[in-house]
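Input: a single structure, listed below in structure tokens.
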Amino acid sequence: MAFKIADRVKQTPPTTGTGGVTLTETVNGFQSFDAVLASGDTTFYVIEENDKFEVGLGTYGSNNLVRSSIFSSSNNGSHISLGGSGVVSITQPANNAVYLNTDSNTIASSGVSFGGVNDILRPASGTLYWGDTNIGLAYTPGSGLTLVGHQFNVYGGSGHFVNLDVEGAFTATTKSFLIDHPSKPGMKLQYGSLEGPENGIYVRGITSGNIIDLPDYWPDLIDKQSITVSLTPQDHPQPNLYIESHNDNQIVIQSDREIMAHYTIFAERKDVDKLEVEWNES
């Protein structure tokens, strides 16, 4: 059992009423449904009789087509009642079509869905749109995905997390994000990301001793030559508070008084290439 469509399939059923269509005579020059479909297969169909029409999804079996779902019809979206002189064909409904427009862009209509995680459309040229050319998501070979006139939401449902993986540069004029306001229901806070010419990371905290232990993964993550440390005395002045030494897993500080200080330690990642700060996009 599968979904199939085929070209030039047309028969003239003697069926009357709104039930299943009995497929008998094949129109001269066309194929029969039996030639392209197996029992249990589904297909898009159109039935025409005089000024009546019906477009839908049908299920084939033993020279019979069950009119499973109606997409449109001259009977306000319901089955038309046949009088025995109808013609039934395999068709491609406009609302379920993927097509090239006059600009050679590939358009996926609103009724098109992709059921499996491996279902992929890759246009050889032009642009593939989900939605329309004014609002939606567009894919262009060589350029990737583009949001068209809308925001991009990644949502996994209540209690679920969604990972968005980006390989390479993520281009943005600014990098801001929204979080729920902690004290004003219905409002948001908009924060911006700190920017700099490196893939930098930091740790911060408060120390009351002269040893600051860095995370155990830092030796594999950071370039120890890039480490910088900021210290801010707490409770009393410490004019002689200074950094005695540092490596990739520990900072040693000294003072002529009891140490109590806030610290912020920055470093640059070594597991990725350094940023090329200025570059020509052409």
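Can you find, within the range 264-282, the residue that is nearest to residue 234 (Cα to Cα) among those that are in contact with a strand residue (DSSP E or B) (Cβ under 7 Å, 6 or more places away or on another chain) and among the β-branched types (Val, Ile, Thr)? Please lay out each step first, then the result.
Just the residues of the range 264-282 that are in contact with a strand residue (DSSP E or B) (Cβ under 7 Å, 6 or more places away or on another chain), to begin with: 264-270.
When the remaining residues are screened for being among the β-branched types (Val, Ile, Thr), the result is 264-265.
Values: 264: 14, 265: 17 Å.
Checking each candidate, the answer is 264.
Tell me which of these residue 129 doesn't satisfy, since it passes every other one: (1) surrounded by 12 or more Cβ atoms within 10 Å (Cβ to Cβ); (2) part of a loop (DSSP other than H, G, I, E, B); (3) at pLDDT below 70.
Only one criterion in (1) surrounded by 12 or more Cβ atoms within 10 Å (Cβ to Cβ); (2) part of a loop (DSSP other than H, G, I, E, B); (3) at pLDDT below 70 is unmet by residue 129, namely (2).
Restricting the search to the range 229-245, which residues are at negative phi and not aliphatic (A, V, I, L, M)? Break it down into steps so the answer makes sense when it comes.
From the range 229-245, those at negative phi are 229-234, 236-245; that's our starting set.
Answer for the range 229-245, where residues must be at negative phi and not aliphatic (A, V, I, L, M): 230, 232, 233, 234, 236, 237, 238, 239, 240, 242, 244, 245.
Go through the range 43-56 and report how many residues are more than 22 Å from residue 97 (Cα to Cα) and among the polar types (S, T, N, Q). Steps first, answer last, please.
Start the filter on the range 43-56 by keeping residues that are more than 22 Å from residue 97 (Cα to Cα), which leaves 49-52.
Applying the additional criterion that residues be among the polar types (S, T, N, Q) yields 50.
Residues that pass the stated criteria total 1.
What number of residues within the range 252-268 are buried (at least 16 other Cβ atoms within 10 Å of the Cβ) and not in a loop (DSSP other than H, G, I, E, B)? So that I can check it myself, show each step before the final result.
As a first pass, look at the range 252-268 and keep what is buried (at least 16 other Cβ atoms within 10 Å of the Cβ): 253, 255, 259-261, 263, 265-268.
Narrowing the set further to residues that are not in a loop (DSSP other than H, G, I, E, B) leaves 253, 261, 263, 265-268.
Here the count works out to 7.
Checking residue 59 against (1) under 18 Å from residue 96 (Cβ atoms); (2) more than 35 Å from the chain's Cα centre (by Cα), only one condition comes out false. Which one?
Result: residue 59 fails condition (2) only.
Is the range 231-245 home to any residue that is outside the structural domain of residue 204 (by TED's automatic domain parsing), of a type in the set (Gly, Ala, Ser) and at pLDDT below 95? If you could, list the steps in order and put the result at the bottom.
Start the filter on the range 231-245 by keeping residues that are outside the structural domain of residue 204 (by TED's automatic domain parsing), which leaves none.
No, every residue in the range 231-245 fails to be outside the structural domain of residue 204 (by TED's automatic domain parsing), of a type in the set (Gly, Ala, Ser) and at pLDDT below 95.
Looking only at the range 236-251, which residues are without any contact (Cβ under 8 Å) to a residue 40 or more places away in the chain and surrounded by 14 or more Cβ atoms within 10 Å (Cβ to Cβ)? It would help to see each step written out before you state the result.
Applying the first criterion (without any contact (Cβ under 8 Å) to a residue 40 or more places away in the chain) to the range 236-251 yields 236-250.
Hits for the range 236-251 are 238, 241, 243, 246, 248, 249.
Residues being modelled with pLDDT under 95 and polar (S, T, N, Q): count how many of those fall in the range 53-63.
Of the residues in that region, 2 qualify.
What about residue 191, is it of a type in the set (Ser, Thr, Tyr) and at pLDDT 95 or above? Please lay out each step first, then the result.
Details: of a type in the set (Ser, Thr, Tyr): yes; at pLDDT 95 or above: no.
No.
Would you mind telling me which numbered condition in (1) surrounded by 10 or more Cβ atoms within 10 Å (Cβ to Cβ); (2) at pLDDT below 65 residue 116 fails?
The number of the failed condition is (1).
The values are calculated or read from the model by the stated rules, or taken from the named source; none is laboratory data. Predicted model only: the values in this text are computed from it and were never measured. Every residue, glycine among them, receives a Cβ derived from its backbone with ideal geometry; neighbour counts consider all protein chains shown.
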